[in-house]
Amino acid sequence: MPLVLDYQSLIEVPLRWQLTGSDEEKDILYALHGFQLKTYVTVQVNSIPNSTNLSIIFMDFTAQAIDRYDWDYSEHLTVPNPDFGSKKAGAVVPKQDTVVIYHRNAQRLEDARLAAPFNLQTKRWRITDPKLAGPAVVDPEKKL
């Protein structure tokens, strides 16, 4: 008999990437920071003759990202300053290589009805990596 499992968990990108991350890791942090990962799994579980172990075969394994894009007004991010070294009029703190972006400024945009929180849900994608979704033998008596 197939066993159907749905699981949802917070995936949080480490804030330390502001200081230690590569350019790619910083892009991920600034774009996502935290989101929910929901997985949908159907497995076939079978007894193994003359054993307490179980055979697990993944019949279906998909995932999707779910998030609500809104601001926590008590937070901020430190990001590279695109105006660093600029001589242009209106450049923002051109002597600083980074600038602090306070999320509380987003509240002003929301109050002016120029921005609003929104929900995002990706399409499901299939998990195909055999290290994650390949057949397995499980010992249900093993102490973890």
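A short reminder: the numbers here are calculations on the coordinates, not readings from a lab. Predicted, not measured: the structure shown is a model, and the values here were computed from it. Cβ sites come from the backbone with ideal geometry, for glycine too, and all protein chains shown count toward neighbours.
Descriptive notes on the structure:
- Total residues in region 15-38 satisfying the condition of being assigned to a helix (DSSP H, G or I), out of contact with any Gly (no Cβ under 7 Å at 6 or more places or on another chain) and closer than 30 Å to Leu109 by Cα: the figure is 11.
- Number of residues in region 106-144 that are out of contact with any helix residue (DSSP H, G or I) (no Cβ under 7 Å at 6 or more places or on another chain) and not in a helix (DSSP H, G or I): the value is 26.
- Test: residue in region 81-91 that is in contact with a Pro (Cβ under 7 Å, 6 or more places away or on another chain), within 22 Å of Trp17 (Cα to Cα) and hydrophobic (A, V, I, L, M, F, W, C): yes
- Restricting the first member to region 101-118 and to residues that are among the acidic types (Asp, Glu), and the second to residues that are exposed (fewer than 10 other Cβ atoms within 10 Å of the Cβ), the beta-carbon pairs closer than 9 Å and six or more apart or on different chains are Glu110/Ala116.
- Residue in region 57-75 that is part of a strand (DSSP E or B), of a type in the set (Val, Ile, Thr) and farther than 24 Å from Trp17 by Cβ present: yes
- Scanning region 1-31 for residues that are under 28 Å from Gly134 (Cβ atoms) and of a type in the set (A, V, I, L, M), we see that the one that is surrounded by the most Cβ atoms within 10 Å (Cβ to Cβ) is Val13.
- Region 40-68, subset among the aliphatic types (A, V, I, L, M) and farther than 18 Å from Lys123 by Cβ, residue surrounded by the most Cβ atoms within 10 Å (Cβ to Cβ): Val43
- Just one of the listed residues (Asp129, Asp83) is among the acidic types (Asp, Glu), surrounded by 12 or more Cβ atoms within 10 Å (Cβ to Cβ) and more than 17 Å from the chain's Cα centre (by Cα), and it is Asp83.
- Taken as a whole, the structure leaves Val41 outside the set of residues that are in a strand (DSSP E or B), in contact with a strand residue (DSSP E or B) (Cβ under 8 Å, 6 or more places away or on another chain), touching a residue at least 24 places away in the same chain (Cβ under 8 Å) and over 24 Å from Thr128 (Cβ atoms).
- Test set (1) surrounded by fewer than 14 Cβ atoms within 10 Å (Cβ to Cβ); (2) under 24 Å from Asp129 (Cβ atoms) - Arg104 fails condition number: (2)
- Among the residues making up region 1-34, those that are more than 30 Å from Ile56 (Cα to Cα) and among the β-branched types (Val, Ile, Thr) are Val13, Thr20, Ile28.
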